[in-house]
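For reference, the structure is listed below as C-alpha cells.
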Amino acid sequence: MRTRRIVIRTLQYLALAAFLLFLGFPFLWLISTAFKSSSELNSLAVNLIPSRPTLTNFTDAFEAQGLVRAAVNSIGVSLATTVIVVVISVPGAYVLARYRGRIRALGSGWILVSQIVPVALFILPLFFILRTIGLVDSPAGLVLVYVVYTLPFSLWMLQGFVAAIPVDVEEAGATDGATKLQVLARIVFPLLRPGLVATAIFTFVAAYNEFFFALVLLQSPDNFTLSVALSTFSHGEGLSRIGPLAAGALIASIPSIVVFAILQRRLTGGLLSGAVKG
Amino acid sequence: MKLRHTIAALAAAATLFSLSACASPSGSSSAGGTTTLTYQYFNNQPAAIAATKAIVADWNKANPKVHVNLVQAPADNLQDKLTTQFSGGVAPDIIQNDAPSDILPFAGYLADLNKLLPSKTIDDIDPAAKKSLTTGGKLIAAPTEVQTYLVFANKKLLEQSGATIPTGDTMTWDTFEELAKQTTTDGVRGLTWGLKSPTSVFAYLGTGFGATYFTGEGKDAKAVFGKAERQVPERVASMIKDGYIDPTGVTQSSSDVLATFYGGKAAMTVAGSYQIANIESEAPAGFDWVVLPALEGSKSASQLAAPITLSVNAKSKNVQAAADFVDFYMKGENLAKINLADGQVPPTTSGLAALAKLTDGKNGWAQVLASGKNLVTPAFNTLTKYNNWKTTVATPGYQQFLAGQISSDQLSKQLVDGWAQLNQ
C-alpha cells in the first residue's frame, strides 16, 4: 500500500515537472536567445546554454530603441491604470454582486457586450475623441483608454469575489452594531483582498502588454511604451532582429514578474475559512 | 498595513504620472524662423538607421532653417498607424512606406511630387518604379529602394559538385534547376528556400515568364492564373518533389533558412537582396559565398518594381520644404548610402551609378545591381486589395500547393475565385 502511494506521488511530481517545463521552456529559450551571439543564432546548433554568452544584444537593445524611457512609460501607464481600475471596480463590483435588479442586468450586459466588440471597430472614433480633448500622443490619454478597456473584465472578476463573501458575514457585523460603511471597510474590504490583488495583477499585466492602442495613439518616440518600442525590432519576413528583441523582451518581462512576486502572497484564498461560526 | 502603504504609494505615483505629460501630435511647426518637419521612417536595421540619421544630419547641417526631426515607427503595423494618423490629421510631413500597394490607399492624403520635385529628379527615376507610384497622373511618392530576389550560393559546395558557376547578368531557370540537382548529395540539398510567405517571391520572379496575375484595374480587376503564372510555383514544387529543395526550409522564412545555408547543408538559397547585408555581417568566418546572376524566365530577367517610398503629406504646413527634403534624399549619393545599408537597389539612374562606384569589387554587389536594371510594374502592383488577397488567399493557396495538398488547377481556381470574392 505504501509503495503504491510512493509510486503515485512520484508520477504526480513527474507530471508536474513536465508541465512546468512545458510552461517555462519558452521563457528559458528567451533567456538563452538574449545571451546568444549573432553567429550562434544563425547556426544549426540547438543549445539552450549559449556557447559564448554575450551582452551585445542587451547593449544593442538599450542603445537602439530607448528602452529605459519606454519601460518608465509602460510602468507609469500600467500603475496609473491599475490604481484607477481598482478604485472604480470595488464599489462597482459590490453593487453588481449584491443588488439584484435592473442595474445588475444592465451592468452585466454591458460587460459582456464590451468583450465582443473588436478594437478595429472603435479605434478611429476613439482617436477622434482623444484628439478633440487633446489626449492623443499622451500617456494620460492612454491611461484613460486602458481604464475603459480593462474595467469591464476587472468588474466581472471582482464581483465574483464579492459574491463569494457570504451575506451572513455582513449581517453578523450589522447585528453587532456596525454601520454599513464600517461593514464594508472592516469586513468586506479585508475579505476582498485576494480579489483585489487578482484584479490588480490582471489590470497591470493587460495594460503593460497592450500594443495596438499604444501603437495608434502614441506618436512621439518619447511617449512610446515597451510593447511599441520592442516592435520596432520586428520587421516582417527576414528583417527581425531576434537577439536584441529577445534581450528587450526579457527586460520587459521583469516588471510583470516583480509585481506578481510582490502581490502573489496576497492572492492565496482561504481567508474566509472560519469567518462564520455555525 | 504594508499593503495599505504600497497601495497609497502606487496611487500617488500613478496620479503624478497621469498628470505629467500631454505632448502635442507630430507634424510640422515653425518657431523663431525655423521650420521643423517630421520624417517618419520604419527601418530597423542598425546600418540603415545609421544611414538615415546621416542623411538627415547632412540635411539639417545644410539647411539650418528647416530642421528635420526623425521619428521611427514599427514596420509591422505601419498601415494601422498611418490610417489613424491621416484620418486624425496628425500624420507626419514626410512618410516612408514599404511598397506601392501600401502607400496607394493613402493617395488622397499625399502631395503630387510631379509638381514639387525638380524635373531632373523626376526624370532620374526608373520608369517602372515611377509608374507604380503614379495614380490619376499624380506621383504620390518617390521610390528610394527596390528589393530584388537573388540566388546566394556556397561557392565551395558548388565547386565540389563539379558544376560550372554561372557568370554574366542572368541565369535561366533551367540552369538554376540543373545546379540544384547537381549540388544535391547525401546530407546536402541543392537549395534551401524560405517559402513561408511565397507570394511575393513568386510574383517577382513570375514576371520573368510574363506573369501578370491580374487583368483590368480597380473594381474591374480579375485574377488570372494561366501558363505564365504557373511557371514558378510548378518548377519549385517539382524541385521539392525531386528532393533538391530542403523540405523543412519551405515552411520557414528566408532568414530562418540561413542557418542551413551557413551550416553547409544546402548549396544555394533564394532570398531578397536585403539578405546580402545580413550574410555579409553574419556568415561564419571562412564561409565562401557568391551571388549568382539574376534568374531569367522565358521572357526576361525582370523583377517587380515594388520600391520603398517617400511621400509628402499634402496637409503639411510646409509641403514644399518637405518635398525639398525628399529631393535631397533622392540624390544619387544618398540613395547609394541607404541602399548599401539595406542591401537594395536604387531605382534611379544616378543612384545606381553612385552605388556601383561605392560597391566597386564588393562581393555580390555587381549581381545585385544588375538584378535591379529590369524592373516592371504589372497591374497588380497598384491594386489596393492586393495585400489582402496575398495574405488571405494566395499565401495559404501556395502553401497547400507546395505541400502537395492541392493540384495546380485547384490552386488556380482558389486564387481566381478568392480574388473575385474579395473584390466584390
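What follows is calculated from the coordinates using simple rules that are stated; it is not laboratory data. Everything numeric in this text was worked out from a predicted model, so none of it was measured. Don't worry about glycine lacking a Cβ; one is built from the backbone with ideal geometry, like all the others, and counts go over all protein chains shown.
Table for the structure above
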| quantity | calculated |
| --- | --- |
| Residue order, fewest to most beta carbons within 10 Å, for B:80, B:124, B:93 | B:80, B:124, B:93 |
| Dipole magnitude of the protein assembly as shown, debye to nearest 20 (Cβ charges: Lys/Arg +1, Asp/Glu -1, about Cα centre) | 2460 |
| Calculated log₁₀ intensity ratio I(q)/I(0) where the Debye formula runs over C-alpha points of the stretch A:66-276, q = 0.07, 0.08, 0.16 Å⁻¹ | -0.28, -0.36, -1.09 |
| Square roots of five times the Cα gyration tensor eigenvalues for the protein assembly as shown, Å | 51, 33, 25 |
| Calculated SAXS-style log₁₀ I(q)/I(0) at q = 0.20, 0.21, 0.29 Å⁻¹ - the stretch A:190-230, Debye, Cα scatterers | -0.62, -0.65, -0.92 |
| Length-normalised contact order of the stretch B:148-242 in % [C-alpha pairs under 8 Å, at least 6 apart] | 19 |
| Residue A:108 versus residue A:257: modelled label distance in nm, points set 7 Å from Cα along the beta carbon direction | 4.1 |
| Cα-centred dipole magnitude for chain A, charges only on beta-carbon of K, R (+1) and D, E (-1), debye, nearest 20 | 1120 |
| The protein assembly as shown: antiparallel DSSP beta bridges as a percent of all, rounded to 5 | 60 |
| Protection-proxy order for peptides B:207-213, A:48-54, B:248-254, each taking the mean of Cβ atoms within 10 Å per residue, highest first | B:207-213, B:248-254, A:48-54 |
| Highest average packing first - B:139-150, B:390-401, A:69-80, B:34-45, Cβ atoms within 10 Å | B:139-150, A:69-80, B:34-45, B:390-401 |
| Shielding by partners, peptide B:250-259 (average Cβ within 10 angstrom, other chains) | 3 |
| 18 Å Cα-Cα reach of residue B:65 towards aspartates and glutamates, excluding residues that sit fewer than 8 places from it in its own chain | B:93, B:324, B:327 |
| Spatial separation of Cα centroids for the stretch A:42-65 and the stretch B:194-256, in angstrom | 34 |
| Positive-end residue of B:33, B:180, B:77, charge dipole of chain B with Cβ unit charges | B:33 |
| Added length on full extension, which subtracts the Cα-Cα distance from 0.36 nm per residue, residue A:59 to residue A:20 | 11.0 nm |
| Antiparallel bridges, percent of DSSP beta bridges restricted to chain B (to nearest 5) | 60 |
| Exposure proxy ranking, count of Cβ atoms within 10 Å, fewest first, for A:113, B:345 | A:113, B:345 |
| Under 14 Å from residue B:156, Cα to Cα: aspartates and glutamates that are on another chain or at least 8 residues apart | B:288 |
| Ranked list, fewest to most other Cβ atoms within 10 Å of each Cβ, for B:76, B:220 | B:220, B:76 |
| Among B:403, B:306, B:51: highest mean-square fluctuation, GNM of chain B, C-alpha pairs under 10 Å | B:403 |
| Dipole axis of the protein assembly as shown (+1 Lys, Arg; -1 Asp, Glu on Cβ), positive-most option in B:63, A:231, A:75 | A:75 |
| Mean separation of Cα contacts under 8 Å (6+ apart) over length of chain B, as relative contact order % | 24 |
| Chain A: most fluctuating residue of A:183, A:46, A:119 per GNM, C-alpha cutoff 10 Å | A:46 |
| Gain in span if fully extended, residue B:238 to residue B:155, counting 0.36 nm per residue against the direct Cα distance | 27.4 nm |
| Among A:15, A:89, B:312 - extreme Cα towards positive end, dipole of the protein assembly as shown, charges at beta-carbon | A:89 |
| Residue-averaged 222 nm ellipticity for the protein assembly as shown, from DSSP H runs of 4+ at -39500 (n - 2.57), nearest 500 | -17000 deg cm²/dmol |
| Under 17 Å from the Cα of residue B:181 - aspartates and glutamates, other chains or at least 8 residues apart | B:159, B:234, B:242, B:246 |
| Under-5 Å amide H pairs with residue B:289, H placed in peptide plane, nonlocal only | B:155 |
| Relative contact order, percent, the stretch A:2-54 [alpha-carbon distance under 8 Å, six or more residues apart] | 30 |
| Rough spin-label spacing in nm, given labels placed 7 Å along Cα→Cβ, for residue B:421 and residue A:167 | 5.3 |
| Separation of the residue B:410 and residue A:122 label points, Cα + 7 Å toward Cβ, nm | 4.3 |
